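> Pasting a structure here, questions to come.
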Amino acid sequence: MNILVTGGAGYIGSHTLVELYKAGHTAVVVDNLCNSNPESLRRVEAILNDEIGNSNPTDIKFKIPFYRTDIRDREGLEHLFAEHRFDACIHFAGLKAVGESVQKPWEYYENNISGTLVLLDVMRRHCCKNIIFSSSATVYGDPAEIPITERCSKGLCTNPYGWTKSMLEQVLVDIQKADPEWNVVLLRYFNPVGAHPSGRIGENPNGIPNNLMPYITQVAVGKRPQLGIFGNDYPTPDGTGVRDFIHVVDLAAAHVAALQCFAPDFEYRNANFIYNIGTGNGYSVLDMVNAFVRVNGVPVPYTIMPRRPGDIATCYCDPSKAKTELGWRAKFGIEDMVRDSWRWQRQNPEGYPDGDGL
Ligand code: NAD
Ligand code: WQD
């Protein structure tokens, strides 16, 4: 398939490009680079050349078409669709910082919701009605049951970012109901961590990381003095928050598996295409820190801080629907996650080089 990948220069998008090409698909990337660097795309191409280019007798040099375009830019998207024919879109583009969304709700609703509405309109005008949307465990709010299944109802989000995901799920479901030619897949990611095992691509947060793993790696590499652990009095085995951390390469592979939903003879065609994408294992914050130190042999000093507002104690999923219907399951474990996160950070202490270089 030829896939439009919005937000393809970002963390999850870049890893997904690798898995798409490895599975024989092709992609075109649209990204406004507001939270990414096009160096990621060059590195994806380098990985592909190393992993599959040399084994190909014609020695293909991978070049992924890239458009520096905002998904709110209707003309820009029209131009893109005039030049390419797409079988499907994997839609990663969006702002994702929870705390920032509380400070700038308008910007989050405008970017994520208006952007997606423009994208969907241009897609339907060009008869491309297959979409995989990056949703999030955050749509469950404080979940009614653990492990979380897809039958669990959505909950109240604690921040505008989460609401954009929840609202966009509804928009997509309604559009599909009104026009059954649409195929909508909602992938609810749990906590993506890790990096490609080559260490060439990974998570490259701007400023102070919001998420646990990039904070740990920045402490380990000496960029920050210590990790703050937000609360050790939760009703969990060691008192720290428990999450379903998933290796980003597994998450990327889930997108390739989800493309099956678009086949007319897909066995589960009448089911709703909502999938939890996690490992099904809950690891605590301290589990992650201890595994990181043990596997990588580097210290990660930490201090216990007050709880972070909006955090819940425990969040992990039952991923069996994705296994049954898509044949997908996570293959990487906690040791792979901490090892690969560290390899990326160690090889790229400053992330991708500055300057967009295009
Ligand atoms: P990321 O910020 O690395 O990637 C998102 C990409 O979208 C960036 O390259 C950014 O430049 C681009 N972008 C943002 N707004 C755009 C716009 N208006 N037009 C064009 N490009 C735009 O984030 P990520 O971690 O790779 O996340 C990808 C998707 O997955 C996001 O939608 C995010 O909300 C969702 N998600 C992420 C996580 C996570 O923890 N990383 C968890 C659940 C869901
Ligand atoms: C994990 C655990 C923290 C940082 C967020 C979004 C969610 C989704 C994934 C996009 C928690 C603790 C963290 C730190 C810490 N993103 N922690 N010190 O909050 O589960 O989920 O990212 O959709 O929507 O909310 O992930 O990595 O921020 O936190 O102790 O410096 O680590 O309290 O228990 P979270 P996280």
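Values quoted throughout were computed directly from the atomic coordinates according to the rules given, and no laboratory measurement underlies them. Note that the structure is predicted; figures quoted are calculated from it, not measured. Using ideal geometry, Cβ is built from the backbone for each residue, glycine included, and neighbour counts are taken over all protein chains shown.
> What's the longest uninterrupted piece of the chain once you rule out the GluC sites (Glu not before Pro) that are loop residues per DSSP with at most 13 other Cβ within 10 Å? Could the numbers behind the result be given before it?
Details: sites that count: Glu145, Glu181, Glu267, Glu350.
Between the exposed loop sites, the longest stretch runs 1-144.
> Give the residue list of trypsin sites (Lys or Arg not before Pro) in region 1-103 that are DSSP loop and have at most 16 other beta-carbon atoms within 10 angstrom. List each step's numbers first, then the result.
Details: sites: Lys22, Arg42, Arg43, Lys61, Lys63, Arg68, Arg72, Arg74, Arg85, Lys96; in loops: Lys61, Lys63, Arg68, Arg72, Arg85, Lys96.
The qualifying sites are Lys61, Lys63, Arg68, Arg85.
> Oh, and also: Based on other C-beta atoms within 10 Å, arrange Thr240, Thr158, Thr164 from fewest to most.
Sorted ascending by nearby Cβ count, the order is Thr158, Thr240, Thr164.
> In percent, how large is the relative contact order of the chain, given Cα pairs closer than 8 Å and 6 or more residues apart? Kindly include the intermediate steps, with their values, before the conclusion.
On the way: 689 pairs, mean separation 70.6, N = 358.
Relative contact order here is 20 percent.
> Give, as ranges by residue number, the residues of region 1-26 whose backbone N falls under 19 Å from the point 7 Å along Cα→Cβ of Glu110.
The answer is none.
> Based on the alpha carbons, how large is the Rg to Rh ratio for the chain when Rh follows Kirkwood?
0.94
> Could you work out how much longer the chain between Asn211 and Arg68 gets when fully extended? Use 0.36 nm per residue separation minus the Cα distance between them, nm to one decimal.
Fully extending the segment from Asn211 to Arg68 adds 48.8 nm.
> Collect residues whose amide H, placed 1.01 Å from N in the peptide plane, falls under 5 Å from the amide H of Asn130; neighbours closer than 5 in sequence don't count.
Sorted by chain and number, the residues that satisfy this are Cys89, Asn183.
> Give the order of Val221, Val44, Val242 when sorted by the count of other beta carbons within 10 angstrom, beginning with the fewest. List each step's numbers first, then the result.
Numbers: Val221 15, Val44 27, Val242 23.
Going from least to most buried by this count: Val221, Val242, Val44.
> Let me ask another. So for the chain, taking the charge dipole from beta-carbon charges (+1 Lys/Arg, -1 Asp/Glu), which of Ala144, Ala257, Asn130 sits furthest toward the positive end?
Going by the Cα projections, it comes out as Ala144.
> Still on this structure, I have one more. When the helix-only estimate is applied to the chain (DSSP H runs of n ≥ 4, each -39,500 (n - 2.57), divided by the residue count), what is the mean residue ellipticity at 222 nm, nearest 500 deg cm²/dmol?
The helix contribution divided over the chain gives -10500 deg cm²/dmol.
> Would you pull out the residues with amide H under 5 Å of Ile304's amide H, same chain only if 5 or more places away, H placed 1.01 Å from N?
Ile229
> Label Glu145 and Arg85 with points 7 Å out from Cα along Cα→Cβ: what is the distance between them in nm?
4.6 nm
> Please report the net charge: other residues with Cβ closer than 14 Å to the Cβ of Ala88, K and R +1, D and E -1.
Cβ neighbours under 14 Å give a net charge of +1.
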